[in-house]
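Heads up, the thing below is written out as structure tokens.
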Amino acid sequence: MSIKALKGFKDILPDEVGLWQFIEQTTRDVFHRYGLEEIKVPTLEKTELFVRTIGESTDIVEKEMYTFTDRNGTSVTMRPEGTASVIRAYIENGLYVRGSVQRLYTIGPMFRHERPQKGRLRQFHQMSVEVLGSNSAMIDTEVMAMAWQILKEIGLQASLEINSLGCTSCRPAFKAALQEFIKVRISYLCEDCQRRSTTNPLRVLDCKSDHCQAEYVSAPSITDHLCDGCCDHFEKVRQTLESLKIPFDVNPKMVRGLDYYTQTTFELITTELGSQGAIGAGGRYDGLVRQLGGPGVPGIGFAMGMERLVMLLSQKEQGEILHALDLFLVTQGDKAYEKGFVLMQALRAEGLRVMMDHEGRSMKNQMKQADKQKAWFALILGTRELENHEVALKDMHSGEQELIELPLTFEDWAAVIKDKIKI
Ligand code: HAM
């Protein structure tokens, strides 16, 4: 019997890889424009790292981690998210001495034993950002603007929801108000909420049960409990988002599924993926570095779920994105084939993705092959074209074809063709 992949674990097949690469390259490009540097961290960490950062009473830690004891008897966990590992690496390697603000990103697989469904996997991929060393509200806006810019450049839309979770000085009063609110309804709530109402009351607002959520409609709002400092910070974030013309809604019920957040939190939501609508999310975590034994450095970040971005994009017209090849070179006759081979190499040296047929197929079959291999253009070089120093360039999408005049010197052909197709 053949062996199948585990439930919630997915192969990414060659036909889909074009979209993955497009998303990753576009994102990396935006990251670099925002001054981010890449960091690569391990997929396996000591379990304690996630328990101490994400929080003992979160769904992730209580129910979703891939945790096991390794051969040395150490409890280890496949990382369920990237922030904890990046902060550990930042502290362990003393990255704070490189400069006051470190702007880092990492891309890779994460693991959560959730119930698989559309847009929810057990192994999924995140592109995740951590900016460490500044508590300026402008950084919060810059980080959200970066996420916004990525979506824009990928060609997707989402709505931005923001909230402030306050800080260590104002959150206790909110917690107390929430506990009072829960107390009178406790018997109507699910077991998790009943337990969390004493251990970690904020967590109840993150409950996935519709029944509990209906109870929380009239729950106290964190935005009514913020201290002056948190109010000013949040006000500045809203003002600067407005000045960048980034639309947003304040959602005072958004507490996020991880315990490390302070002040600004945000989620990018789409309605096009059913119940798994968050395509990116993050927030500020000013106490996290110190909590893990590092200096008192504030931080903010976010992560985008690549599977969800790919799904959204694959529901749309992908135009130029999915072209696996820039050009397929179609030739007719031995001479054109031999010249075409040299031209293909020159075009590749110019940076184009080019293929041609080596099996002596008819022109009609070569055109079919160009289509099958998802070439953007077909470049047609026959005996007549060779004699006249010209090639026919066919846009495989629009079907439009034009004749390009080429210079007398063959060596200059590749540059002229490249210029013509402007890739
Ligand atoms: P998160 O909200 O848990 O935040 O995950 C961020 C994104 O990862 C989600 O918005 C979603 O797109 C994607 N995602 C999460 N779980 C799954 C899943 N099971 N299947 C597919 N996609 C999923 C964090 O992980 C934080 N570390 C983000 C952050 C970075 N905050 C500060 N810095």
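Note on residue 4 and residue 368: with the Förster distance fixed at 25 Å, the Cβ-Cβ geometry gives a FRET efficiency of about 0.15.
Hey, with R₀ at 35 Å, roughly what FRET efficiency would residue 334 and residue 29 work out to, going by the Cβ-Cβ distance, to 0.05? Computed FRET efficiency for residue 334 and residue 29: 0.25. Listed by chain and number, the aspartates and glutamates placed with their C-alpha closer than 20 angstrom to that of residue 316 are 15, 16, 24, 153, 272, 307, 371; residues fewer than eight positions away on the same chain are left out. Subtracting the Cα-Cα distance of residue 341 and residue 409 from 0.36 nm times their residue separation leaves 22.9 nm of extension gain.
Cα-Cα pairs above 34 Å in the chain: how many percent? Here the long-distance tail beyond 34 Å is 44 percent of all Cα pairs in the chain. Less than 15 Å Cβ to Cβ from residue 252, Lys/Arg counted +1 and Asp/Glu -1: what total charge do the surrounding residues give? In short, -1.
With each label modelled as a point 7 angstrom along the Cα→C-beta vector, the residue 157-residue 249 pair spans 1.5 nm. For residue 280, the residues whose amide H sits under 5 Å from its own are 268, 305, ignoring neighbours fewer than 5 places away on the same chain, with H placed 1.01 Å from N.
Once you have a ≥ b ≥ c as the square roots of the Cα gyration tensor eigenvalues for region 325-421, tell me rounded if a/c is under 1.5, and otherwise prolate or oblate according to whether a/b is larger than b/c. Rounded. Summary value for the chain: 15 percent relative contact order, contacts being C-alpha pairs under 8 angstrom separated by 6+ residues.
With contacts taken as Cα pairs under 8 Å at a separation of at least 6 residues, region 325-421 carries a relative contact order of 30 percent.
Taking a point 7 Å from the Cα of residue 37 along the Cα-to-Cβ direction, the residues of region 125-148 with backbone N closer than 17 Å to it are 129-134. Taken over region 325-421, lysine pairs spaced eight or more positions apart, or on distinct chains, with alpha carbons under 20 Å apart number 15. Carbon and sulfur: what percent of the chain's accessible surface (1.4 Å probe)? Result for the chain: 50 percent of the exposed heavy-atom area is carbon or sulfur.
Solvent exposure of region 180-292 amounts to 47 Å² per residue of accessible area, where only protein heavy atoms count and the probe is 1.4 Å.
Checking Cβ-Cβ separations below 4.7 Å across the chain identifies 167, 190, 193, 230, 231 as cysteines lacking any candidate disulfide partner. Computed over region 170-311, relative contact order equals 16 percent, with contacts defined as Cα pairs under 8 Å that lie 6+ residues apart.
The residues of region 325-421 present an accessible area of 56 Å² per residue when probed at 1.4 Å with all protein chains retained.
Spin-label model, residue 200 to residue 179: label points 7 Å out along the Cα-to-beta-carbon direction sit 1.6 nm apart.
The values are calculated or read from the model by the stated rules, or taken from the named source; none is laboratory data. Because the structure is predicted, anything quoted here is derived from the model rather than measured. Neighbour counts run over all protein chains shown; Cβ positions are idealised from the backbone, glycine included. Surface areas here come from the heavy atoms of the whole protein model, side chains and all, with no ligands, DNA or RNA. Shrake-Rupley method; radii C 1.70, N 1.55, O 1.52, S 1.80 Å.
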